[in-house]
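The values are calculated or read from the model by the stated rules, or taken from the named source; none is laboratory data. These numbers were taken from a predicted model, which means no experiment stands behind them. All Cβ positions, even for glycine, are placed from backbone atoms using ideal geometry, and neighbour counts span all protein chains on display.
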Amino acid sequence: MGFSLFFLLICFAIHKTQSASFKDRQLSPVSDHCPNGSVRHDQSCYLFSHLLANWPESMVYCQAYGAHLAFIESDREQKFIQAQVFSTMGSQTDPLKFFWLGGTDAVSEGEWFWANIVEPITYTNWNPGEPNNDNNHDDHHQDCLAMYSSSGLWDDGYCEVKHNFICEIELNSEVPIVG
Ligand SMILES: [Ca+2]
Ligand SMILES: [Ca+2]
Ligand SMILES: [Ca+2]
């Protein structure tokens, strides 16, 4: 209970500040470079964190990098991230190891959104049987999106558990309109 309220407050605060920074980013042309330590793919830069953090903390870390927890919106993006996770983790790949992504159903159970942009999640890569909300315990929900490092498949996890996480920065994808 206490955690849920804390979590919603954090989300709200982050949403407010992120909305402002996304707006700024759209207004000013962003450089085409990815920050040190991040990896470029298409129009995004990704940071694969070795830190462990719960979901709200992960959001704050990503925000400090000028990023957000990653939104995987296509099979192409999923395959890239999966391959990077395998190479990041190397032989340590542990079937129970998770990376947090930027999805949540904390606002309305079963309705998954990309946080920050509040866009419904359309592309999904759920592990069979997920999201299961851990079989709907009355008082404890699984409301945060994580990816298994071993398979790249998704699972809903307990937001307060510490995992690795993936941050994403979208580069300016403005394409000149011709004609
Ligand atoms: Ca993305
Ligand atoms: Ca849930
Ligand atoms: Ca689950």
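Among TYR123, TYR148, which is away from ligand 3 (no atom under 14 Å from the Cβ) and either under 16 Å from the mean Cα position of the chain (by Cα) or farther than 17 Å from SER44 by Cβ (or both)?
The match here is TYR123.
Is it the case that region 38-47 has a residue that's under 18 Å from SER149 (Cβ atoms) and within 12 Å of the chain's Cα centre (by Cα)?
Taking every residue of region 38-47 in turn, at least one turns out to be under 18 Å from SER149 (Cβ atoms) and within 12 Å of the chain's Cα centre (by Cα).
Hey, any hits in region 135-150 for a residue that's without any contact (Cβ under 8 Å) to a residue 40 or more places away in the chain, at positive phi, more than 14 Å from ligand 1 (Cβ to nearest atom) and part of a loop (DSSP other than H, G, I, E, B)?
No, region 135-150 has no match at all.
Check region 57-76 and report whether any residue there is within 15 Å of ligand 3 (Cβ to nearest atom) and either touching a strand residue (DSSP E or B) at 6+ places or on another chain (Cβ under 9 Å) or in contact (Cβ under 8 Å) with a residue 24 or more places away in the chain (or both).
No, that holds for no residue.
When you go through THR17, THR88 one by one, which is the residue that is at pLDDT below 75 and closer than 21 Å to SER150 by Cβ?
THR88 is the lone residue from the list that is at pLDDT below 75 and closer than 21 Å to SER150 by Cβ.
State which residue is nearest to ASP143 (Cα to Cα) when the search covers only region 42-53 and only residues that are touching a helix residue (DSSP H, G or I) at 6+ places or on another chain (Cβ under 9 Å) and surrounded by 17 or more Cβ atoms within 10 Å (Cβ to Cβ).
Top of the filtered list is ALA53.
Could you tell me whether any residue of region 110-118 is loosely packed, with under 14 Cβ neighbours inside 10 Å, among the charged types (D, E, K, R) and modelled with pLDDT of 95 or more? Steps first, answer last, please.
Initially, region 110-118 is screened for residues loosely packed, with under 14 Cβ neighbours inside 10 Å, giving 110-111, 118.
Next, from what is left, pick out any that are among the charged types (D, E, K, R): 111.
Those left that are additionally modelled with pLDDT of 95 or more: 111.
Checked region 110-118: at least one residue is loosely packed, with under 14 Cβ neighbours inside 10 Å, among the charged types (D, E, K, R) and modelled with pLDDT of 95 or more.
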